[in-house]
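Undergrad: Structure incoming, see below.
Please treat every number below as a calculation from the coordinates, not as lab data. This is a predicted model, so every value here is computed, not measured. So basically every Cβ, Gly included, is an ideal-geometry build from the backbone, and we count neighbours across all protein chains shown.
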Amino acid sequence: MLYSKLRKFASYIRKTPLHPQWLMNVENPLGKKQIGKKVDKGFHLDIGCADQSLQNFISPEATYIGIDYLTTASKLYKTKPLVYADAQALPFLSASIDIVTLLDVLEHIPDAPLALAEAFRVLKPRGRAILSVPFLYPIHDAPFDFQRWTSHGLKKMAEDCGFFIEKEIAVGNPSQSAALIACIAAVRNTLELLKSYNFIGLILLCVLPLFIPIVNISGWALGKVSGQDNIMPFSYNFFLVKPESAGKEALDSTF
């Protein structure tokens with residue numbers, strides 16, 4: 001009962017420094033509004049769409065297609081996508097989609113290179129793929145959390161599929177990532193102690209409203225002073241293009 005109440009409370013403070021994952025929201029430049037600005041026409045395939053909320057931010061001129069895996073959609077997220085499908089075997093014709101989004105999805109796919117190759121296949125020439133993946137972030141949606149990549153690993157995987165890397169962004173510098181992990185760890189430890197009826201959990205529960213905003217704001221401020229350092233981000237954003245031909249020089253950047 002207490003655990004569910006805490007989760008509900010967390011949803012109310014999501015955009016404030018009181019939330020343990022506040023830094024993920026305030027520092028990530030790839031929000032739904034930003035993505036929506038890129039999807040102004042054509043067919044948009046949102047792989048791993050969850051609640052399909054991205055549809056609310058794209059142009060009405062675009063055709064949104066939300067897909068998700070049956071097991072995770074029905075049992076984990078309790079959602080109903082437009083199409084139930086496996087990202088490793090997309091039920092769409094080759095060269096039929098204008099833009100693909102894979103937002104915090106690839107880490108949950110057993111054969112991520114195959115899924116990315118499928119995204120490449122269904123994209124039209126000059127079609128775009130936008131993806132985000134965590135790096136320094138806890139296991140989530142277990143047991144469907146299979147891997148993490150460095151930017152070098154992501155770049156190689158995308159290029160092996162045939163994509164041109166248009167832009168890559170490392171989100172979070174060392175102090176911000178450390179603050180994020182510290183806040184998540186503090187909440188996790190508190191919840192585990194509360195579940196086992198350990199009185200220390202009650203003490204930590206009283207301390208959290210002070211601890212989390214101090215750590216969040218300190219990590220954010222130190223990160224702004226120290227500047228960007230890509231050695232330990234908490235996530236990556238990649239913007240990919242399917243070349244019209246083998247020549248990359250013919251591509252013009254729109255992102």
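Undergrad: Convex hull over the Cα atoms of the chain, averaged projected area in nm²? All intermediate terms of the calculation are to be shown ahead of the outcome.
TA: Numbers: hull surface 57.8 nm².
Taking a quarter of the hull surface, the average projection is 14.4 nm².
Undergrad: Expressed as an acute angle from 0 to 90° and rounded to the nearest 10, what is the orientation of the C-alpha long axis of helix 112-122 relative to the principal long axis of the chain?
TA: 40
Undergrad: Between the stretch 63-94 and the stretch 204-229, what is the separation of their alpha carbon centroids in Å?
TA: Centre-to-centre (Cα) distance: 37 Å.
Undergrad: Translational diffusion coefficient of the stretch 107-155 at 10 °C, 1.306 mPa s, Stokes-Einstein with Kirkwood Rh over Cα pairs, in µm²/s as a whole number. If you can, show how the numbers build up before the last one.
TA: Working: Rh = 12.2 Å.
Estimated diffusion coefficient is 130 µm²/s.
Undergrad: Now for a separate question. Quick one: length gained pulling I13 to F146 fully straight, 0.36 nm per residue minus the C-alpha distance?
TA: Working it through step by step, the gained length comes to 44.9 nm.
Undergrad: Between V225 and S59, what is the spin-label point distance in nm, taking each point 7 Å from the Cα along the Cα→C-beta axis?
TA: 4.4
Undergrad: OK, next. With +1 assigned to the C-beta of every Lys and Arg and -1 to the C-beta of every Asp and Glu, and no other charges, what is the dipole magnitude of the chain about the Cα centre in debye, to the nearest 20? Don't skip to the end; give the middle numbers.
TA: Details: 26 positive and 23 negative charges, 162 e Å.
Using only the charged Cβ atoms, the result is roughly 780 debye.
Undergrad: Less than 15 Å Cβ to Cβ from K15, Lys/Arg counted +1 and Asp/Glu -1: what total charge do the surrounding residues give? Spell out each step's value before the answer.
TA: Values: positive: R14, K32, K33; negative: E27.
Surrounding charge for K15 is +2.
Undergrad: Oh, and also: Once you order the gyration tensor axes a ≥ b ≥ c over the Cα atoms, which shape class does the stretch 91-219 get: rounded for a/c under 1.5, otherwise prolate or oblate by comparing a/b with b/c?
TA: prolate
Undergrad: Connecting C-alpha atoms closer than 10 Å in a GNM of the chain, tell me which of I139, I212, I130 has the biggest fluctuation.
TA: I139
Undergrad: Distances over 21 Å make up what percent of all Cα-Cα pairs in the stretch 37-156? Each step should come with its number before you reach the end.
TA: Working: 2574 of 7140 pairs.
Counting pairs separated by more than 21 Å, the tail of P(r) holds 36 percent.
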